[in-house]
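Quick notes on the structure that follows.
Where a number appears in this text, it was derived from the coordinates with a stated rule and is not lab data. Bear in mind that the values here come from a model prediction, so they are computed numbers and not experimental data. We place every Cβ from the backbone using ideal geometry, glycine too, and count neighbours over all the protein chains shown.
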Amino acid sequence: MRRAFDPTLYLVTDTALCAPRSVPAVVAAAVAGGVTAVQVRDKTASRRDLLALTRAVQEVLAPTPQVRLVVNDAVDVALLTGADGVHVGQDDLPADEVRGLLGPDALVGVSVGSAADLDAVLALPPGTVDLVGLSPVWATPTKPDAGAALGLAGTRELATRARAAGLTSVAIGGVHAANAAAVAATGVDGVCVVSDVCAAADPAAAARTLRGALAGRVPA
């Protein structure tokens, strides 16, 4: 049975930005500060290392079972660890095949950077995709290969279409405490952050600041 998923403040990990601290240590602090979902992402790690990292993050999340854990790209790692789901990009495994491997109860997310990308997701059978990651809102050094920036207007347009189709949406790319409320006000269900938490001197405080910003958001 699928468990509830709260994407309000969605942390995507970056091993290099967390250093010299470990990713699990940063995740634990961030969750204490209000992060509601975690995606383990490390494009440079071997599958063996990514497996170990995912298991280590699972261990620190054990006291907070309401915080869902998603693996970036690696369906095999998600299957081995029993993670809650997988998020794939446009160049990764097709979402319908990911769904076939993971089964009906897993979370399947897909990165969407344009109206055409969203069209492709919406053309899939209902239930194939749960979440779309709208990206990038703004250009970001943590993902230099991302497409053209959507801006707030573009994010709002895609979020509106996703919601109408029954999909959850989150926005990522250049999101930080000063603009999180404006991003949330586009109608997305959550905001994703990387550097604003991973590189913070105090990840718990950074997460608390972001949650405070989101609590003060105004309707779109």
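General remarks:
- Cα centroid separation - the range 78-108 against the range 4-35, whole Å: 21
- Subtracting the Cα-Cα distance of Ser22 and Lys43 from their residue separation scaled by 0.36 nm leaves 6.0 nm.
- Put simply, the amide H of Val132, placed in the peptide plane, has neighbours under 5 Å in Val110, Thr168, Ser169, Val170, leaving out anything fewer than 5 places away on its chain.
- The mean sequence distance of close C-alpha pairs (under 8 Å, at least 6 residues apart), as a share of the length of the chain, puts its relative contact order at 21 percent.
- Ordering Thr160, Thr44, Thr13, Thr54 by the number of other Cβ atoms within 10 Å of each residue's own Cβ, fewest first, gives Thr44, Thr160, Thr13, Thr54.
- Within the range 2-48: Cβ-based charge dipole about Cα centre, in debye rounded to nearest 20 (Lys, Arg +1; Asp, Glu -1): 260
- Histogram of C-alpha separations across the range 71-117, 5 Å bin width, %: 5, 25, 35, 20, 9, 5, 1
- Under Karplus coefficients 6.51, -1.76 and 1.60, residue-wise ³J(HN,Hα) of the range 123-137 in Hz, glycine/proline x: 7, 6, x, x, x, 5, 10, 9, 9, 10, x, 7, 7, x, 5
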